[in-house]
1. For the pair A:Val5/A:Leu27, report the inter-label distance in nm, with labels modelled 7 Å from Cα in the Cβ direction.
2. From the helices alone, meaning DSSP H stretches of at least four residues, give me the mean residue ellipticity at 222 nm for chain A, per-run term -39500 (n - 2.57), in deg cm²/dmol to the nearest 500.
3. Which whole-angstrom value gives the distance between the alpha carbon centres of region A:74-105 and region B:36-69?
4. I want to check the label-to-label distance for B:Ser23 and B:Met46. Put each point 7 Å from Cα in the C-beta direction and report it in nm to one decimal.
5. Using the crude model of +1 on Lys and Arg Cβ and -1 on Asp and Glu Cβ, and no other charge, please compute the dipole size for chain A relative to its Cα centre, in debye to 20.
6. Let me spell out the model: positive unit charges on the Cβ of Lys and Arg, negative unit charges on the Cβ of Asp and Glu, origin at the Cα centre of the protein assembly as shown. What dipole size does that give, in debye rounded to 20?
7. Are any of the pairs A:Lys102/B:Lys112; A:Lys39/A:Lys64; A:Lys107/B:Lys4; A:Lys104/B:Lys112; A:Lys39/A:Lys102 more than 25 Å apart by Cα-Cα distance, and if so, which?
8. What would the Debye formula give as log10 I(q)/I(0) at q = 0.09, 0.10 Å⁻¹ for the alpha-carbon point model of the protein assembly as shown, no solvent?
Amino acid sequence: MSEIVGYIFIFIGLGFDVFGCIGLIRLPDVYNRLQATTKCVTLGTCSILLGTVVIQGFNTTGIKALLCIIFLILTAPVAAHALARGAHRSGVKLCDKSVCDKYKEDKEGSS
Amino acid sequence: MKPKFLSWFLGLLAVSALLLFASIYPIPSLLKWQSPFLSHCFFILMICFGLCLIRLMRGPTPADRAVSIDTMGILIVGFCAILSIPTGRNWYIDIAIAWALQSFIGALALAKYLEGRGFDE
């Protein structure tokens, strides 16, 4: 029974991974691609690790997988924010359909 | 309104067909695993990895390549987590934690390089 629940978690995570990577291919802009992949792939990988916890139970492998989930949730958004900030400061243009650019307004207002 | 809904529906259908095909199609297994479902999961993750490699090859700006490399680093954690189930060895999760740490530091270094600052500021 616990194996079947774990396999269902793993399959949901694989679906999120596939949708995130299709977003990496299809979307028009660096910021859109970052916004698609950093959420979908992080949540998908956390779901795969949660399936591992459910299958293995609370032995060493399960507790290490829980630690890995906490670590991923803490670090992946920080890396994504740093990448977006670096891309904006290196002068990557937004795509043509973009509505507003709050970071640019903020920088012009402060300086 | 209507063609947009139709294209969304067709895209969802195509993605579901791809997932179903990848989970049923018999692949030549490298290892004799006890569960065939996990080798199909491995196959689907390799499809995701190929999509990231396409973006890595034809990204117009360096920021696209940095995003693709960061995504691949998170996918490898999923690879290690899936490998730890049929083999029953718990050091694959150790590799996953170390790889997540290394990918995080690599992404921060790439972001600092994109900003144009030095590494010792």
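Taken together, the values in this text are just the output of simple stated rules run on the coordinates, not laboratory data. Remember, it's a predicted structure, so these values are computed and weren't measured experimentally. A quick note on method: Cβ atoms are made from the backbone with ideal geometry, for glycine too, and the neighbour counts reach across all protein chains shown.
1. Roughly 3.3 nm, to one decimal.
2. That comes out to -28500 deg cm²/dmol.
3. 22
4. 1.9
5. Value, rounded to 20: 220 debye.
6. 420
7. Violating the 25 Å Cα-Cα cut-off are A:Lys107/B:Lys4.
8. -0.42, -0.51
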